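Heads up: the structure comes next, in structure tokens.
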Amino acid sequence: ELRINRELNIRSGGKILTMNDAQKELIQTLAHEDHVEKDLTITGPRKCGKTLLGLESINIKMSHYKRKYEISPTDIKDKLRVIIWVGTIAKKQQMSKEMSGRPSYWSLDIHADTNPNPESLKVIFQADENYSSFNHTLIMFDGIWR
């Protein structure tokens, strides 16, 4: 809980953010070994904390995969990848700014498109010439129209 509160403080630029009981329960459940490798969908109204929960989920999953596959710090960018797909250029700029202020141990790509489709996702997924060498790729959609 202390780590999550510290992360929220960093991501919010020093603003005081708190997680409600449901958000805390989600993070604790996700961090459990029986659940960490499961897919996760977070939905809710605007400004309810979906992005922060999604980013924290990525941190938990990537830490798990790093330990599970015993990936060395020098190999992590070639083995673990995160693709964040946002709906607007403004959201992409915000996300890029937010992510640039924190250490990133894995390969990170941020893309903006208001209407993702399977073909465009495939192009993004395979954009890295070494895409098949990644142990895991996590994809986060944020602010995409359904």
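Overview of values
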{"read-out": "Within segment 33-47, tally of residues that are of a type outside the set (D, E, K, R) and either touching a residue at least 24 places away in the same chain (Cβ under 8 Å) or on the phi > 0 side of the Ramachandran plot (or both)", "value": "2"}
{"read-out": "Given (1) open to solvent by 40 Å² or more (accessible area, probe 1.4 Å); (2) touching a His at 6+ places or on another chain (Cβ under 7 Å), index of the condition Leu40 fails", "value": "(2)"}
{"read-out": "Selected residue (criterion: surrounded by the fewest Cβ atoms within 10 Å (Cβ to Cβ)) from residues of segment 48-65 that are without any contact (Cβ under 8 Å) to a residue 40 or more places away in the chain and either part of a loop (DSSP other than H, G, I, E, B) or among the aliphatic types (A, V, I, L, M) (or both)", "value": "Cys48"}
{"read-out": "Filter result for Lys50 (in contact with a strand residue (DSSP E or B) (Cβ under 9 Å, 6 or more places away or on another chain) and either at pLDDT 70 or above or at positive phi (or both))", "value": "yes"}
{"read-out": "Candidates Leu40, Leu30, filtered to the one that is of a type in the set (A, V, I, L, M, F, W, C), in a loop (DSSP other than H, G, I, E, B) and in contact with a helix residue (DSSP H, G or I) (Cβ under 7 Å, 6 or more places away or on another chain)", "value": "Leu40"}
{"read-out": "Filtered residues of segment 118-142 (kept if in a loop (DSSP other than H, G, I, E, B), open to solvent by less than 70 Å² (accessible area, probe 1.4 Å) and either aliphatic (A, V, I, L, M) or modelled with pLDDT of 80 or more (or both))", "value": "Phe134, Asn135"}
{"read-out": "Count of segment 92-117 residues which are more than 16 Å from Ile139 (Cα to Cα) and at pLDDT 85 or above", "value": "1"}
{"read-out": "Subset of segment 66-82 (residues that are touching a strand residue (DSSP E or B) at 6+ places or on another chain (Cβ under 6 Å) and crowded, with 19+ Cβ neighbours inside 10 Å)", "value": "Leu80, Arg81, Val82"}
{"read-out": "Subset of segment 84-108 (residues that are open to solvent by 50 Å² or more (accessible area, probe 1.4 Å), under 22 Å from Tyr65 (Cβ atoms) and not in a loop (DSSP other than H, G, I, E, B))", "value": "Leu108"}
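The values are calculated or read from the model by the stated rules, or taken from the named source; none is laboratory data. In this text, all values refer to a predicted model and were calculated from it rather than measured experimentally. Positions of Cβ are generated from backbone atoms using ideal geometry, with glycine treated the same way; all protein chains shown enter the neighbour counts. The accessibility values were calculated without ligands, DNA or RNA, using every heavy atom of the protein model including side chains. Shrake-Rupley method; radii C 1.70, N 1.55, O 1.52, S 1.80 Å.
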